[in-house]
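Reviewing the structure listed below.
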Amino acid sequence: MAGYKTHITVSGALGVGYGAAGFILGGFTPVQGALAGCLTWFSGMLPDLDSDSGRPVREVFSLLAAFAPFAMMPHLLAWSHGNHETATLLSVIVYVVIRYGGAGLLNRVSVHRGMFHSIPAMIIAGEVAFLAFTASSLGTRLFMSGGVCVGFFSHLLLDEIYSVEWSGVHVRLNKFAGSAVKFVGRSPIPNLVTYSLLMVLTYASLVQAHVVDGPGRLSVQPSYGRPLQGASLDGPSRD
């Protein structure tokens with residue numbers, strides 16, 4: 001299994017490349033490229049949220065707690081009806097809940113190399129990023145979401161690479177082989193929770209991207225065979 005420093009080094013290098021490519025090739029601003037690069041670097045640590053070691057969990061939750069209120073600020077302003085004092089208070093609450101409550105809760109409901117190390121978890125992380133940047137354009141939101149997925153997948157891939165052990169000319173897989181890049185885990189309840197959350201976030205993301213109609217934007221199909229109520233078949237009346 002790859003070490004913590006290896007993960008942050010690789011995801012950091014990927015973040016630099018991803019942000020630079022977005023700026024040079026994708027036409028994004030330097031600020032957007034730098035932010036996407038930071039998200040790529042940070043997301044390379046996300047699967048370690050279920051780690052048995054204390055340090056990765058502390059550092060990831062500290063960064064997540066600090067970043068979340070900024071990413072959620074448009075939502076917090078909307079929930080507080082534009083009141084900045086209320087939005088600030090909500091951001092403090094978000095920080096405290098994530099920083100001090102998240103790690104304890106996660107330790108109770110997750111196991112190391114569980115569904116946090118999976119392809120569905122990677123998609124969930126990307127969709128959370130997409131939904132967080134609600135005030136940005138669709139292209140920018142996809143750019144940020146893509147950075148999260150790239151960083152997250154680098155962690156999964158490194159864990160699989162490091163599960164291969166070389167002993168001279170002999171190759172052996174350790175007990176963690178196949179436990180990172182997976183679609184389902186061994187326990188049915190975590191699988192059910194993960195895929196339920198994935199479906200909800202996928203639907204919300206498709207609504208935000210205007211791919212499907214949300215509950216408040218149902219399309220009205222024309223009624224054939226009978227006139228609409230209140231309409232006249234003879235056309236508009238003339239005085």
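Nothing in this text is a laboratory measurement; each read-out follows from the coordinates by a stated rule. All of these numbers come straight from a predicted model, not from anything done at the bench. Cβ sites come from the backbone with ideal geometry, for glycine too, and all protein chains shown count toward neighbours.
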Explain nothing, just compute: Karplus ³J(HN,Hα) = 6.51 cos²θ - 1.76 cosθ + 1.60, θ = phi - 60°, for every residue of region 126-143 in order, whole Hz, x for Gly and Pro. x, 6, 4, 5, 4, 6, 5, 8, 5, 8, 8, 6, 4, x, 5, 5, 5, 4
Note, region 148-154: 3J(HN,Hα) by Karplus (6.51, -1.76, 1.60, θ = phi - 60°), whole Hz, Gly/Pro = x, goes 4, 5, 5, x, 4, 5, 4
Skipping prolines and chain starts, which residues have an amide H placed within reach, meaning under 5 Å, of the one on S163, given they are 5 or more residues away or on another chain? none
³J(HN,Hα) computed for each position of region 155-162 - Karplus, 6.51 cos²θ - 1.76 cosθ + 1.60, integer Hz, glycine/proline x: 5, 4, 5, 4, 4, 5, 5, 6
Protection proxy (average C-beta count within 10 Å per residue), highest first, orders 200-206, 151-157 as 151-157, 200-206
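Rank the residues M199, M115, M73, M122 as a footprinting-exposure proxy: fewest other Cβ atoms within 10 Å of their Cβ go first. Walk me through the intermediate numbers first.
Numbers: M199 10, M115 26, M73 19, M122 23.
Neighbour counts put them in this order, fewest first: M199, M73, M122, M115.
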